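Here's the structure, in structure tokens; my notes come after.
The values are calculated or read from the model by the stated rules, or taken from the named source; none is laboratory data. Please read these numbers as outputs of a predicted model, since none were measured by experiment. All Cβ positions, even for glycine, are placed from backbone atoms using ideal geometry, and neighbour counts span all protein chains on display. Areas reflect the complete protein model, heavy atoms only, side chains present, ligands, DNA and RNA absent. Shrake-Rupley method; radii C 1.70, N 1.55, O 1.52, S 1.80 Å.
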Amino acid sequence: MADIRIGLIGLGMMGRHHARVIREVEGVTLAAVADPAGDPHNVSGELPLLASVDDLIAARIDAAVVAVPTVHHEAVATALAEAGVHALVEKPIAGDIAAGERLVDIFEKRGLVGAVGHIERFNPALQSLRQRIEAGDLGEVYQIATRRQGPFPARIADVGVVKDLATHDIDLTAWLAQSEYGSVAAHVALRSGREFEDMVSFTGLLQNGVITNHLVNWLSPMKERVTVVTGDRGAFVADTISGDLTFYENGTTTTEWESVMAFRGVSEGTVVRYALTKREPLRLEHEAFRDAILGKATNVVTMREGLANVKVAEAVLRSAQDASTVLVSG
């Protein structure tokens, strides 16, 4: 079977990584690249640098990766869908709900694979955590808390931290818990003089009763990507920078230390750090996209799921603006 011909539009920071991985994945070929702003990372190699999505389509591609700024997602992905081209769109799917709904509609109506690049689902620590939750290792899940902090990314200019970064945590939380958000309550801050928020703290209540807490900013000098899932048997801590997963078991040992006995609740038990096979998440994402195009069982993040994340993000922003708890629309 001939390789799937992949086109790439957007050759910035994420685009260069997509290009590298496409060239490494079996069964696909990087057939064309495009970016009207040029090729700052020398991604194109021997391929001609094209100027538009129309040029990309004319190169007879079967599928495309869209790594342009969020504001251009709808126009580029719509052109691909109208040409019958499958698409993997970097997150968020679009800048607002209405644009996301239009993309979901056109890709579904044309029977095309439309995926969104919520890459955390492919992180080995979170994939193992999801499997262990499903196996009942944690018992009932009570709470999911995330921390996603780091320096300001100069590449982001058209959305704030909620849609750029927090959508990662929104997606992975709903995916781990297998439940959509019911409501959110949020606070944001604008500290860097930009048009959009650069810091957010919000809580959520999932439809299955799990409570959530999320701390996200791009004003921290250190980089942190941590997910903590607490249940009735203990807590899992996933570090998605290192791909590590650790389980803190609720203790069962009786203590005779009087000052400690005064505290009610669980105690510290065995701590286990799991040895995981650590494959690159972006490579796994591209393999899933390839398999979806081939009609195999797949775990891509669908455009409809990506749209759900944008709905939560907009509820977060409304909550911060109105200083109220906001129900997430279906």
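G136 meets each of the listed conditions (1) out of contact with any helix residue (DSSP H, G or I) (no Cβ under 7 Å at 6 or more places or on another chain); (2) under 12 Å from G306 (Cβ atoms) apart from (2).
When M1 is tested against (1) under 24 Å from G295 (Cβ atoms); (2) in contact with a helix residue (DSSP H, G or I) (Cβ under 9 Å, 6 or more places away or on another chain), just one condition goes unmet, and that condition is (2). When the range 143-166 is filtered for residues that are assigned to a strand (DSSP E or B), out of contact with any Phe, Trp or Tyr (no Cβ under 8 Å at 6 or more places or on another chain) and open to solvent by less than 30 Å² (accessible area, probe 1.4 Å), the ones remaining, listed by number, are I144, A145, T146, R148. When the residues of the range 83-101 are narrowed to those that are open to solvent by less than 10 Å² (accessible area, probe 1.4 Å) and small (G, A, S), which ends up farthest from I170 (Cα to Cα)? Filtering the range 83-101 for residues that are open to solvent by less than 10 Å² (accessible area, probe 1.4 Å) and small (G, A, S), the one farthest from I170 (Cα to Cα) comes out as A87. Answer yes or no as to whether M13 is surrounded by fewer than 17 Cβ atoms within 10 Å (Cβ to Cβ) and closer than 25 Å to K163 by Cα. Against the criterion (surrounded by fewer than 17 Cβ atoms within 10 Å (Cβ to Cβ) and closer than 25 Å to K163 by Cα), M13 qualifies.
Of all residues in the range 281-296, exactly one satisfies the criterion of being charged (D, E, K, R) and open to solvent by less than 10 Å² (accessible area, probe 1.4 Å), namely E285. Taking the conditions (1) under 24 Å from the mean Cα position of the chain (by Cα); (2) open to solvent by 20 Å² or more (accessible area, probe 1.4 Å); (3) small (G, A, S) in turn, A37 satisfies each one other than (1). Residues in the range 200-234 that are outside any strand (DSSP E or B) and within 21 Å of F247 (Cα to Cα) were compared, and the one that is least open to solvent (accessible area, probe 1.4 Å) is V210. Return a yes/no flag: does the range 184-200 have any residue that is among the basic types (K, R), touching a residue at least 40 places away in the same chain (Cβ under 8 Å) and farther than 24 Å from M303 by Cα. No. Filtering A315, A275, A288, A292 for residues that are more than 19 Å from I4 (Cβ to Cβ) and outside any loop (DSSP other than H, G, I, E, B) leaves a single hit, A315.
Candidates in the range 167-187 are the residues that are assigned to a helix (DSSP H, G or I) and out of contact with any Lys or Arg (no Cβ under 9 Å at 6 or more places or on another chain); of these, the one that is farthest from V229 (Cα to Cα) is I170.
Residues that are out of contact with any Gly (no Cβ under 9 Å at 6 or more places or on another chain): find the strands (runs of 3 or more DSSP E) completely inside the range 3-90 holding 2 or more of those. Per the criteria, 4-9, 28-34.
Filter the range 297-317 down to residues that are under 18 Å from E108 (Cα atoms) and open to solvent by 30 Å² or more (accessible area, probe 1.4 Å), then give me how many there are. So the answer is 7. Restricting A31, A77, A59, A64 to those that are buried (at least 19 other Cβ atoms within 10 Å of the Cβ), in contact with a strand residue (DSSP E or B) (Cβ under 6 Å, 6 or more places away or on another chain), of a type outside the set (F, W, Y) and farther than 26 Å from D164 by Cα reduces the list to A31.
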